[in-house]
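One structure below.
The values are calculated or read from the model by the stated rules, or taken from the named source; none is laboratory data. What you are looking at is a predicted structure, and each value in this text was computed from that prediction instead of being measured. Every residue, glycine as well, gets a Cβ built from its backbone with ideal geometry; the counts of neighbours run over all protein chains shown. We work out accessible area using only protein heavy atoms, side chains counted, and drop any ligands, DNA or RNA first. Shrake-Rupley method; radii C 1.70, N 1.55, O 1.52, S 1.80 Å.
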Amino acid sequence: MAKDQTTRICCIGAGYVGTCTSAVLAYKNPSVRITVVDTSEAKIGAWRSRSFPISEPCLQEILKQVVERLAFSTDIEAAINAADLIFICVDTPTVTKGTGEGFALDTSAVVACVAKIVEVSTSDKIIVPCGTADQLRKLITQKNTKGLNFEVLSNPEFLAEGTAIHDLLHPDRVIIGAENTPKGSNAAARLVSLYQAWIPSDRIKTTNTWSSELGKLAANAMLAQRISSINSLTAICESVGADIQDISQIVGLDHRIGPHMLQASIGFGGSCFEKDIRCLVYLAESLGFRHIARYWMADLEMNDFQKASQTERITSLLGPLASSKLTIAVLGFSFKAGTTDVRSTPVLTIVRDLVGRGHKVKIFDPKAKKEDIQETLCKANLGRERAIVSLNAMQACDGAHVIAIATAWDEFRTRPGLRRMDWKSIADGMQQPRLMFDGCNVVDAKYLEGLGMKVLELGRKQAML
Ligand SMILES: NC(=O)c1ccc[n+]([C@@H]2O[C@H](COP(=O)([O-])OP(=O)(O)OC[C@H]3O[C@@H](n4cnc5c(N)ncnc54)[C@H](O)[C@@H]3O)[C@@H](O)[C@H]2O)c1
């Protein structure tokens, strides 16, 4: 291998991004050795013992194939020192206190990693952080007393949970931002060569750091905007008698728009969309562009409205019954189908609002871990006596007056050939008025009505019960 090619990588952060990215890089670059490190002994222990802390299609198979060249460790210093290229994939939540509260990125974990790298390194490194490369370069300049060369690159991650490995293997594009200096270009070229192992060169774009970072924010903000745009039409559809699924199709068939991200829902969640929009709003505000900040803020307001309006949607159909203490089964808790991640799930808003109105809520998710759901409920101060996590759908729906489908898991589909649940037994076990609220448009209303349920579909007009 040539002198300036990368042979040893350290990835700090053994979460979704760090582990999936490292697994694919190791899989496609057989001569590279990668050590994934984390401060959490429990997480590293779980990866090592193969009781994986996250579930992603194909991740397990890939990890099996790279077992000789990808290691998990808590010895962060040793892994940093041995590496010539370091990915920083630690969490960067939104700031919760002080300057930028509610909007700016909290980069303290990234800053801690960079400080550690500068402190323990005895040779030059290329650093690929999540967060702002600019801020980190300044920090390195202050702390670098050993005269080493640290090149900071930006390489935004576009993977989506649930399809992470597929997204990494077949990316629409890879973006690498670097400083416009010979050393910056050389560092970028080394990262490019890792990706070129499987990605055609015309999909790998090198640019400056700001374009790379702003491009990532813009992509996520525009994806979220599409979801909010279609969601904004659900209430109108219900009022005038239009059908949101037809609207999605009509809009999506326009080749200039395309069909993706146009499914109506109870609102978007997850750890990226809202955070990236908040970051964009903060950036616009700090540059003095208040109209631009307000423009993007409106997207978040629409999403908050969509999440908050679901309980009203359900209870408005119940008439006087709405003031009784009802039992409501909520099916699905992860922030979207295909992932076990319950961080920033929009379902929490529905559960909180239903419990707040005095109803008893029973939750079932086919993939999310029961303890993760319980922890989320606990953090939201939702006591176990009012919000219960059930072991299966039948248990959640038994005795329920209302079922609300909140995550579009295939398990909840009712069409013949796709049907996995015993909907007849579920309907028989319910109490009147046996209302089904389909917040994801995954059920066949006629089929469930044939079983004695009343079905309320998101974005379709409904008669009063
Ligand atoms: N999850 C996604 O879909 C996604 C997509 C694109 C980008 N991102 C970004 O990638 C980054 C990582 O996201 P994630 O979902 O993988 O996070 P995660 O919470 O799943 O994992 C982060 C890991 O970093 C570890 N960590 C925190 N501070 C550390 C430190 N100082 N030293 C060592 N380990 C430390 C934590 O213990 C945790 O295991 C975030 O900035 C996120 O915004 C996430």
Label the range 59-154 by shape, choosing from rounded, prolate and oblate, from the square roots a ≥ b ≥ c of the eigenvalues of the Cα gyration tensor; if a/c is under 1.5 it is rounded, and otherwise prolate applies when a/b is larger than b/c, oblate when it is not. oblate
Computed over the chain: longest principal axis from alpha-carbon atoms vs helix 16-28 long axis, angle to nearest 10 degrees, is 60 degrees
For the range 3-108, treating each Cα as an identical point scatterer without solvent, what Debye log10 I(q)/I(0) comes out at q = 0.12, 0.14 1/Å? -0.44, -0.57
Global size of the chain as Cα Rg and Dmax, reported in angstrom: 24.1, 76
Heavy-atom accessible surface of the range 168-295: percent carbon and sulfur, 1.4 Å: 58 percent
How big is the gap, in Å, between the Cα center of the range 70-122 and the Cα center of the range 349-383? 32 Å
Between the Cα axis of helix 370-379 and the main Cα principal axis of the chain, the angle (0 to 90°, nearest 10) is 90 degrees
Any idea what the dipole of the chain comes to, in debye rounded to 20, about its Cα centre with Lys/Arg Cβ at +1 and Asp/Glu Cβ at -1? 280 debye
For the range 381-439, the percent of accessible surface on carbon and sulfur atoms (probe 1.4 angstrom, ligands and nucleic acids excluded) is 46 percent
Placed amide H near Leu85: partners under 5 Å, 5+ positions off or other chain: Arg8, Cys10, Ile126
Using only the heavy atoms of the protein chains and a 1.4 Å probe, how would Phe273, Phe158, Phe437 rank by accessible area, largest first? Phe158, Phe273, Phe437
Sorted by accessible surface (1.4 Å probe, heavy atoms of the protein chains only), largest first, Leu253, Leu317, Leu451 come out as Leu253, Leu451, Leu317
Heavy-atom surface of the chain, accessible at 1.4 Å and reported per residue (Å²): 46 Å²
Classify the range 237-465: rounded, prolate or oblate, from the alpha-carbon gyration tensor (a ≥ b ≥ c, eigenvalue square roots; a/c under 1.5 rounded; otherwise prolate if a/b is larger than b/c)? prolate
Rounded to the nearest 10 Å², the accessible area of Ser286 at probe 1.4 Å: 80 Å²
Contact order normalised by residue count of the chain, Cα under 8 Å, 6+ apart, percent: 11 percent
Compute the angle between helix 209-231 and the longest alpha-carbon principal axis of the chain, please, reported from 0 to 90 degrees and rounded to the nearest 10. 10 degrees
Can you check how the C-alpha radius of gyration of the range 136-283 compares to 2.2 N^0.38 Å, as a plain ratio? 1.35
Taking a ≥ b ≥ c as the square roots of the Cα gyration tensor eigenvalues, with a/c under 1.5 meaning rounded and otherwise prolate when a/b beats b/c or oblate if not, the range 8-199 comes out rounded
Heavy-atom accessible area of Leu136 with all protein chains present, probe 1.4 Å, nearest 10 Å²? 0 Å²
